[in-house]
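One structure is given here, and the rest of the page talks about it.
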Amino acid sequence: MTADTTTAHEIAMRIDADTAVARWKDWRWQVSHSVREIKTFERALGITFPPEERSELERTVERFPLCVTPYYLSLIDPEDFRNDPVFMQCFPSVRELEVEDYDLADPLAEDVDMTAPCITHRYPDRVLFLVSNICAMYCRHCTRKRKVGDIDSVPARKEIEAGLAYIREHSEVRDVLLSGGDPLMLPDETLDWVLTELDAIEHVEVVRIGTRVPVVLPYRVTPALAQMLARHHPLWINTHFNHPKEFTPSSEAALGRLADAGIPLGNQTVLLANVNDCPRLQRTLAHKLVRNRVRPYYLYQCDLSEGLSHFRTSVAKGIEIIENLVGHTSGFAVPTYVVDAPGGGGKIPLMPTYVLSWADNKVVLRNYEGVITTYQEPKDYRPVYCDGNCVECTLQLKEESAEEPGPVGIAKILSDLDETSTLVPEHTERMERRIDA
């Protein structure tokens, strides 16, 4: 069943009998007829919830609103909707009201790291630029679930201008990630303006867009939108397919339009319990992505946002999935499995253990089959110890643009640029005892 079948049109007729069939592929119609109420969802899908369950669902929607496009809703199998991966991603669960002690409203500390309107500056050379609060659909697993209840609005132009000013003033920023909400829900003219302003900033080398539009509202990727985006290279787009079922002729056409515009495409999948926590399913997803010229980029461990406990898997499950991908498919089809560290620690990559042991002259390794082998270390390798004196360095990198800020964190204590030898978190009990002493 796909959104291009008669079933989809039947759903459309239940939502808007007068114009649905003719306008099904009009993305504006899709947005204006998004399902936001339980009763509309029931009518569109032809299902009925028991009264007691409906009451609990209404309570859930009061806290975490419902919004799903008719297109995405049409992917649900009404005969087995409770086990349907599309249903679980777009429809509320009463378990969303279960907030664990360790759940956080802002698990990634994005608000704390907001250094200017619309700007989160966490990594040394790149920023997150929140240019829209509007989404085509409210994903039930959204890490910014705290914002979903807000009234949909585009940040005021003066806020976006303040964000642009911050980027202009910080020459270390070479990479800007546009997010939200969903940047592709902005009018073409507004997005074109933002990208044009970023193009004019000399130290910005690349712009990325994070979007779920190709998954939940593929008709938004119009020829006009793709043509406009093609004027702003180097531009990268990361989308968000979580399950093979989300691939339809319409979503594949949207991806093709973006790829044909010369835009490199990546995908960020969230690992979700009972939705995609299966090695075989993840391999199928990876293969569908690469067939559509999309590289699997990240596999995210589900964040500690409030209301997501029922979606979270163990980290062991993620490692198991990667174990079943490495060596079992093309290297570029294997995403990086990451935990986005609570408190703003950033993305921490996790991998199965392939280094078994290490001696002065050999490294003991194992491959995906369990074959154990050794790699002989070179006898006379003399490493270049970097003291920051690039003028006298024998490694030739004769590019003025090669300058970069000094190392941070682990890279700092690995280098010889200064005398730092220890990284110590502040305000620990041990540090407080030092102060008291």
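The values are calculated or read from the model by the stated rules, or taken from the named source; none is laboratory data. Please read these numbers as outputs of a predicted model, since none were measured by experiment. Counting neighbours? That spans all protein chains shown, and the Cβs are built from the backbone with ideal geometry, glycine included. The area values use the complete protein model at the heavy-atom level, side chains included, leaving out ligands, DNA and RNA. Shrake-Rupley method; radii C 1.70, N 1.55, O 1.52, S 1.80 Å.
Filter the range 112-141 down to the residues that are in contact with a helix residue (DSSP H, G or I) (Cβ under 9 Å, 6 or more places away or on another chain), open to solvent by 40 Å² or more (accessible area, probe 1.4 Å) and closer than 27 Å to residue 408 by Cα and list them by number.
Selection gives 115, 117.
Scan the range 298-323 and report the pairs whose first residue is touching a residue at least 24 places away in the same chain (Cβ under 8 Å) and whose second residue is polar (S, T, N, Q) and assigned to a loop (DSSP other than H, G, I, E, B), with Cβ atoms within less than 6 Å and a gap of 6+ or a chain change.
Hits for this filter: 303/143; 305/143.
Name the residue, out of 363, 355, that is touching a Phe, Trp or Tyr at 6+ places or on another chain (Cβ under 8 Å) and among the β-branched types (Val, Ile, Thr).
Testing whether each residue is touching a Phe, Trp or Tyr at 6+ places or on another chain (Cβ under 8 Å) and among the β-branched types (Val, Ile, Thr) leaves just 363.
Taking residue 21 as the residue in question, decide whether it is open to solvent by 10 Å² or more (accessible area, probe 1.4 Å), closer than 21 Å to residue 212 by Cα and β-branched (Val, Ile, Thr).
So residue 21 fails the test.
Any idea how many residues of the range 49-85 are assigned to a helix (DSSP H, G or I), surrounded by fewer than 23 Cβ atoms within 10 Å (Cβ to Cβ) and in contact with a Lys or Arg (Cβ under 9 Å, 6 or more places away or on another chain)?
Going through the range 49-85 one residue at a time, the tally reaches 4.
Condition (residue is of a type outside the set (S, T, N, Q), touching a helix residue (DSSP H, G or I) at 6+ places or on another chain (Cβ under 9 Å), in a loop (DSSP other than H, G, I, E, B) and farther than 22 Å from residue 345 by Cβ) applied to the range 101-108: is it met by at least one residue?
Checked the range 101-108: no residue is of a type outside the set (S, T, N, Q), touching a helix residue (DSSP H, G or I) at 6+ places or on another chain (Cβ under 9 Å), in a loop (DSSP other than H, G, I, E, B) and farther than 22 Å from residue 345 by Cβ.
Just name the residue that is farthest from residue 28 (Cα to Cα) out of those in the range 171-200 that are open to solvent by 10 Å² or more (accessible area, probe 1.4 Å), touching a residue at least 24 places away in the same chain (Cβ under 8 Å) and among the hydrophobic types (A, V, I, L, M, F, W, C).
The residue in question is 177.
Quick test for you: out of 394, 336, pick the one residue that is free of Cβ contacts under 8 Å to residues at least 12 places away in the same chain and either within 26 Å of residue 138 (Cβ to Cβ) or open to solvent by 50 Å² or more (accessible area, probe 1.4 Å) (or both).
394
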